[in-house]
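What follows is one structure encoded as structure tokens, with my remarks underneath.
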Amino acid sequence: MIRFGIPHSIITDHGTQFDCRPFENFCARNRIICTMASVAYPQTNGHAEASNKLILQGLKRRLREAKGAWTTELPHILWAHRTTHKIATGETPFALTYGSEAVAPEEMSLPSLRVQAYNQERNHKELLAQLDMIESRRDAAMEHIMREKAKVAASYNKNVKPRPLVEGDMVLKLDFQRKDEHGKLAATWEGPFLIGEK
């Protein structure tokens, strides 16, 4: 919070540190919207799940045999994640946070035009100008996300055939309370059930 300020909203699990009076008071005092993600269904926090999946894939690739060295590799994986252009936004997470693209440490030691033409005063002015425009950059990224979602939805929906359910139909129900006793091969559906009334 010291670096980025008070967040607009927080998504948490039902951990005791989040499900207590002091945390609720803190959120109320700072006007933070606190949403609890379902314990049995962590996919409700989709952005974090997708990011965590990418970070874990990167760690697996980098570690191979040295499984215990993940703490030394994590900063490199996070750097790669934060400085890679995302299709959904058309930007890097770093640029959407700080208003400019990151300069790789290796790039500073190379005799590039970017390094040779560096002027601290001009750089400071340009950074301030970019920070002034960061909201419009974020808005453009949000519009890009909406266009990408519309494309994905159109692609998905072209193969969807509507199937209205009527009284007397047999249906299966998605089991949200599924226990992971049988792992990934466990049935995710309950039923069949007969539709009685709408």
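The values are calculated or read from the model by the stated rules, or taken from the named source; none is laboratory data. Just so it is clear, the structure is predicted and the values come from calculations on it, not from any experiment. Quick reminder, even Gly has a Cβ in these numbers, built from the backbone with ideal geometry, and neighbours come from all protein chains shown.
Observations, loosely collected:
- Taking the range 12-23 as the range and being part of a helix (DSSP H, G or I) and loosely packed, with under 13 Cβ neighbours inside 10 Å as the test, the residues that pass are Arg21, Pro22.
- A search for C-beta distances below 9 Å between a residue of the range 75-92 that is not assigned by TED's automatic domain parsing to the domain that holds Asp139 and any residue that is assigned to a helix (DSSP H, G or I), counting only pairs 6+ apart in sequence or on different chains, returns nothing.
- Helices (runs of 4 or more DSSP H) wholly inside the range 99-198 containing at least 3 residues that are modelled with pLDDT of 85 or more and either charged (D, E, K, R) or touching a Cys at 6+ places or on another chain (Cβ under 9 Å) (or both): 120-132, 134-157
- Restricting the range 36-52 to residues that are exposed (fewer than 11 other Cβ atoms within 10 Å of the Cβ) and within 16 Å of the chain's Cα centre (by Cα) leaves a set whose member that is modelled with the highest pLDDT is His47.
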